[in-house]
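Beneath this line is the structure, given in structure tokens, with notes to follow.
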Amino acid sequence: MGTLTEIQPQLSKMAAVCTRLVSLDVFRGMTIAGMILVNDAGDWAHVYWPLEHAEWNGWTPTDLVFPFFLFIVGVSMVMSFDSRRARGASRSELLVHALKRSAIIFALGIFLNGYPHYDLHTIRIPGVLQRIAVVYLIASVVVLFAGRVARMVTAAALLIGYFLLMRLVPVPGYGAGVLSPDGNLAAYLDRVVMYNHLYVTHRYDPEGILSTLPAIVTCLIGVFVGEWMCGKQPRQIVRGLLTGAAVGLSLGQLWNLWFPINKNLWTSSYVLFTGGFAMAILALCYWLVDVRGWRRWAQPFVWFGMNPLAIYFLAGWVGKASVVHTVGGVRLKTAVYNNVFAHMFASPYMNSVAYAICYVLLFWLVAWVLYRQKIFIRV
């Protein structure tokens with residue numbers, strides 16, 4: 001671990017060429033660990049509130065992890081495209097790469113949704129991986145074919161346009177400006193287009209069609225941050241990220257007065273608020289890992305961060321398999337939980353979170369093996 005004076009020339013050179021940041025891998029790994037943790041409670045009847053989504057408006061720590069990942073996708077996109085361009089890749093080649101990657105991620109999401117029975121009449125079409133795929137593709141097109149000013153105009157238009165649509169366009173049977181689970185425009189559009197294929201059957205989907213538009217901006221905020229970081233000195237980066245965080249958090253809270261922070265609707269206020277929060281966490285990781293050089297504590301997150309989508313997919317598939325396959329007529333997850341975790345502590349909430357933590361640790365082990373074997377699965 002070197003002093004700031006010793007490592008600053010190296011950091012300056014690194015920032016100038018927009019190479020991979022260890023802190024970004026750490027942030028990505030922390031986010032993947034969080035996504036697995038909140039998706040895999042041992043007993044869904046006993047979950048501590050920070051590990052649950054907000055019931056509707058408002059937010060919990062759980063509501064931060066998905067936008068954090070899309071923000072990281074945007075930051076990484078800048079560095080990835082810059083690296084590929086340096087190796088001679090053309091804009092059309094980058095677009096083809098984005099198309100292929102998006103198609104694979106979308107297909108993996110459909111696989112998870114349907115496993116093990118693929119009923120085409122009821123299979124859920126949207127999902128976390130599907131949203132990542134669509135957002136990544138559209139953000140890639142914006143980055144490849146629009147200048148910086150055009151990107152900013154696009155981001156502003158999407159946030160303001162989504163707000164106006166949700167507030168002004170009437171929904172049959174409800175009217176205009178209704179933001180309830182059933183009465184909002186996004187839910188209505190999802191019912192019209194994908195009636196039998198939604199997360200909440202015949203009602204709405206948190207990764208639906210219209211709410212994907214502001215999710216694109218979450219990724220573009222990451223793009224703006226990634227581009228701004230290139231060529232900056234470490235102290236400039238930390239100060240700038242913290243300033244951006246304060247602006248995003250403040251604007252998100254202000255817009256919350258008219259357009260509530262809501263993960264299910266991915267409201268414009270939610271985009272700004274979570275974007276600001278993501279900048280604050282990235283600033284902290286960058287200062288600790290890339291500036292101060294304190295990396296030992298973060299190494300387990302690097303393991304996750306080097307194979308993020310592969311680990312997330314595997315964790316999702318194992319989790320799904322554990323509740324659809326049985327052992328002696330009992331679901332595999334139920335058998336493991338009842339025999340190992342259900343009576344571990346006096347509190348059922350502690351037992352539930354103990355299962356979730358052990359589940360994360362299981363895939364930490366998988367990530368460590370992949371890292372040690374230098375296996376990096378580029379989904």
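The values are calculated or read from the model by the stated rules, or taken from the named source; none is laboratory data. A quick note: this is a predicted structure, and the numbers were derived from the prediction, not measured. Glycine also receives a Cβ, built like all others from the backbone with ideal geometry; neighbour counts cover every protein chain displayed.
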Of the listed residues (231, 293), the one being touching a Gly at 6+ places or on another chain (Cβ under 6 Å), in contact (Cβ under 8 Å) with a residue 12 or more places away in the chain and farther than 26 Å from residue 131 by Cβ is 293
Please find, among 360, 353, 323, the residue that is without any contact (Cβ under 8 Å) to a residue 24 or more places away in the chain and of a type in the set (A, V, I, L, M, F, W, C). 323
If residue 185 meets every condition in (1) more than 18 Å from the chain's Cα centre (by Cα); (2) of a type in the set (A, V, I, L, M); (3) more than 20 Å from residue 260 (Cβ to Cβ) apart from one, which number is that one? (3)
Elements of type helices (runs of 4 or more DSSP H) in segment 1-97, at least 1 residues being crowded, with 17+ Cβ neighbours inside 10 Å and at pLDDT 95 or above: 22-39, 62-86
Name the residues in segment 43-100 that are farther than 26 Å from residue 357 by Cβ and charged (D, E, K, R), would you? 82, 84, 85, 87, 91, 93, 100
Against the conditions (1) over 23 Å from residue 55 (Cα atoms); (2) part of a helix (DSSP H, G or I), where does residue 250 fall short? Just the number, please. (1)
Kindly indicate which of 265, 242, 309, 272 is assigned to a loop (DSSP other than H, G, I, E, B), touching a residue at least 40 places away in the same chain (Cβ under 8 Å) and within 30 Å of residue 159 (Cα to Cα). 265
All positions within segment 288-306 that are surrounded by fewer than 17 Cβ atoms within 10 Å (Cβ to Cβ), part of a helix (DSSP H, G or I) and hydrophobic (A, V, I, L, M, F, W, C): 288, 297
Residue check, residue 168 against (1) surrounded by fewer than 22 Cβ atoms within 10 Å (Cβ to Cβ); (2) closer than 24 Å to residue 122 by Cβ; (3) among the aliphatic types (A, V, I, L, M), all met but one. Which one? (2)
Can you find a residue in segment 219-237 that is out of contact with any helix residue (DSSP H, G or I) (no Cβ under 6 Å at 6 or more places or on another chain) and surrounded by 23 or more Cβ atoms within 10 Å (Cβ to Cβ)? no
If you go through 254, 284, the only one that is surrounded by fewer than 23 Cβ atoms within 10 Å (Cβ to Cβ), farther than 17 Å from residue 28 by Cβ, free of Cβ contacts under 8 Å to residues at least 24 places away in the same chain and among the hydrophobic types (A, V, I, L, M, F, W, C) is 254
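The rows are residues; the columns are (1) without any contact (Cβ under 8 Å) to a residue 40 or more places away in the chain; (2) among the basic types (Lys, Arg); (3) assigned to a loop (DSSP other than H, G, I, E, B).
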{"residue": "123", "(1), (2), (3)": "no, no, yes"}
{"residue": "132", "(1), (2), (3)": "no, no, no"}
{"residue": "140", "(1), (2), (3)": "no, no, no"}
{"residue": "152", "(1), (2), (3)": "no, no, no"}
{"residue": "161", "(1), (2), (3)": "no, no, no"}
{"residue": "166", "(1), (2), (3)": "no, no, no"}
{"residue": "173", "(1), (2), (3)": "yes, no, yes"}
{"residue": "182", "(1), (2), (3)": "yes, no, yes"}
Of residues in segment 98-124 being of a type in the set (Val, Ile, Thr) and within 18 Å of residue 205 (Cβ to Cβ), the one surrounded by the most Cβ atoms within 10 Å (Cβ to Cβ): 105
Members of segment 343-360 that are out of contact with any helix residue (DSSP H, G or I) (no Cβ under 6 Å at 6 or more places or on another chain) and under 23 Å from residue 108 (Cα atoms): 359
Selection status of residue 157, surrounded by fewer than 14 Cβ atoms within 10 Å (Cβ to Cβ) and assigned to a helix (DSSP H, G or I): yes
Condition set among the hydroxyl-bearing types (Ser, Thr, Tyr) and buried (at least 17 other Cβ atoms within 10 Å of the Cβ), scope segment 335-377, selection farthest from residue 320 (Cα to Cα): answer is 371
Please identify the pairs in which a residue from segment 204-223 that is closer than 9 Å to residue 190 by Cβ has its Cβ atom under 9 Å from the Cβ atom of a residue that is buried (at least 23 other Cβ atoms within 10 Å of the Cβ) and β-branched (Val, Ile, Thr), counting only partners at least 6 apart or on another chain. 211/267
Selection count, segment 186-217, where residues are hydroxyl-bearing (Ser, Thr, Tyr), part of a helix (DSSP H, G or I) and closer than 12 Å to residue 131 by Cα: 1
